[in-house]
Amino acid sequence: MKQSVIRVDGANGLVGSDVPFYEFGDASAGPTVSLMAGVHGCEYAAMSGLRRFLDELDESTLRGRLRVIPIANLASFHSRTAFVVPHDGLNLNRCFPGRADGSFTERLAFALFEEAIRTADFHIDMHSGDQVEALEPFSIYDASSVEEQSRTLGVSYGLPYLLRSAQSESPIAGTSSAAASQIGIPSITAEAGGRGLIDDASVQAHVDGVRRALSHLGVLAETTAPIRTPVELSHWVWLRSAGSGWWASSVEAGEEVGAGAIVGTVTSLDGREVREVTTPEAGIPLFLTTSPAVEENGLLLGLGIR
């Protein structure tokens with residue numbers, strides 16, 4: 001194992017950051033795979049899964065190289081800040097591939113991408129539901145010139161749902177996996193766990209997923225982790241609140257719903273106005289906001305569509 005840091009200079013007088021970075025194995029023996037967790041600093045199940053995988057790894061068994069960032073967003077991790085980086089209020093997972101001369105978060109994205117991801121043959125970004133998100137495990141791959149390789153990588157990770165994301169239709173942009181795919185690196189984002197909790201099943205889902213993916217790539221020997229065929233989703237729709245108020249979901253993550261189904265209500269804080277939230281299409285809520293507090297245009301849930 002080789003240990004180093006990825007150094008990110010501060011911007012506008014803010015303190016910089018040194019992100020721990022590890023390399024395992026030998027690039028001459030097989031593919032180089034980038035593994036990253038902690039892009040959102042409170043998504044602990046994914047971080048714990050990567051830590052457990054590394055604790056159990058016998059480096060001598062690798063047929064290739066791993067480039068590993070266990071906690072990409074240390075500023076959010078230490079401050080327990082959900083979604084955004086406290087330095088500038090930006091979401092790191094909307095800023096890749098970053099900017100060398102940008103704000104702190106853009107510089108962080110740039111440094112991570114250039115030093116850990118750009119030189120890899122494959123990339124896996126490990127996530128969970130943040131502090132106020134319930135989540136049904138799923139993986140995402142992006143429409144690109146390498147999307148079939150990304151898709152098979154997502155299948156090998158083995159989470160229940162696999163979503164194809166086309167840049168022109170996606171409600172999000174700037175993810176590390178999308179940025180990597182756009183330069184020809186097959187990549188996925190893998191999501192398991194939620195509400196900022198560390199539950200063993202979600203942690204193990206990530207451990208098994210990494211093992212299956214690396215076995216699929218030939219970097220590790222064949223694994224005994226059980227394999228499931230995911231339900232494949234063509235796209236997703238994010239539902240947002242028409243106004244601020246008290247959000248109450250009437251569905252659970254992973255519960256199939258029909259087109260036009262009522263999935264919850266947003267009630268004004270004085271109780272005088274109740275808005276029903278309905279689905280535009282039939283689908284599966286892959287994640288949903290568990291906090292009652294919601295602002296106008298606040299995110300309520302992400303609906304995966306078959």
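The values are calculated or read from the model by the stated rules, or taken from the named source; none is laboratory data. Just so you know, these numbers come straight off a predicted model, no measurement behind them. Cβ: placed from backbone, ideal geometry, glycine included. Neighbour counts: every protein chain shown.
Observations on the structure shown:
- Qualifying positions in the stretch 32-65 - touching a residue at least 40 places away in the same chain (Cβ under 8 Å) and basic (Lys, Arg): ARG52, ARG63, ARG65
- From the list GLY302, GLY245, GLY260, the one residue that fits, being modelled with pLDDT of 95 or more, surrounded by 13 or more Cβ atoms within 10 Å (Cβ to Cβ) and on the phi > 0 side of the Ramachandran plot, is GLY245.
- Some residue of the stretch 218-234 being in contact (Cβ under 8 Å) with a residue 40 or more places away in the chain, assigned by TED's automatic domain parsing to the domain that holds ARG51, among the charged types (D, E, K, R) and surrounded by 18 or more Cβ atoms within 10 Å (Cβ to Cβ): no
- Candidate set from the stretch 271-282 (those that are of a type in the set (A, V, I, L, M, F, W, C) and in a strand (DSSP E or B)); member that is surrounded by the fewest Cβ atoms within 10 Å (Cβ to Cβ): VAL274
- Screening ARG118 on (1) modelled with pLDDT of 95 or more; (2) under 17 Å from CYS42 (Cα atoms); (3) surrounded by fewer than 19 Cβ atoms within 10 Å (Cβ to Cβ) shows it passes everything except condition (2).
- Looking only at the stretch 150-177, and only at residues there that are part of a helix (DSSP H, G or I) and not small (Gly, Ala, Ser), the one that is nearest to ARG211 (Cα to Cα): TYR157
- Subset of the stretch 131-151 (residues that are in contact (Cβ under 8 Å) with a residue 60 or more places away in the chain and crowded, with 22+ Cβ neighbours inside 10 Å): GLU133, LEU135, GLU136, PRO137, PHE138, SER139
- Checklist (1) loosely packed, with under 14 Cβ neighbours inside 10 Å; (2) more than 22 Å from the chain's Cα centre (by Cα) applied to VAL266, failing item: (1)
- Checking PHE110 against (1) crowded, with 22+ Cβ neighbours inside 10 Å; (2) under 19 Å from THR175 (Cβ atoms); (3) modelled with pLDDT of 95 or more, the condition it does not meet: (1)
- Candidate set from the stretch 61-98 (those that are of a type in the set (D, E, K, R) and more than 21 Å from LEU35 (Cα to Cα)); member that is surrounded by the fewest Cβ atoms within 10 Å (Cβ to Cβ): ARG80
- Test: ALA111 is assigned by TED's automatic domain parsing to the domain that holds SER187, among the small types (Gly, Ala, Ser), under 21 Å from VAL68 (Cα atoms) and over 16 Å from the mean Cα position of the chain (by Cα): yes
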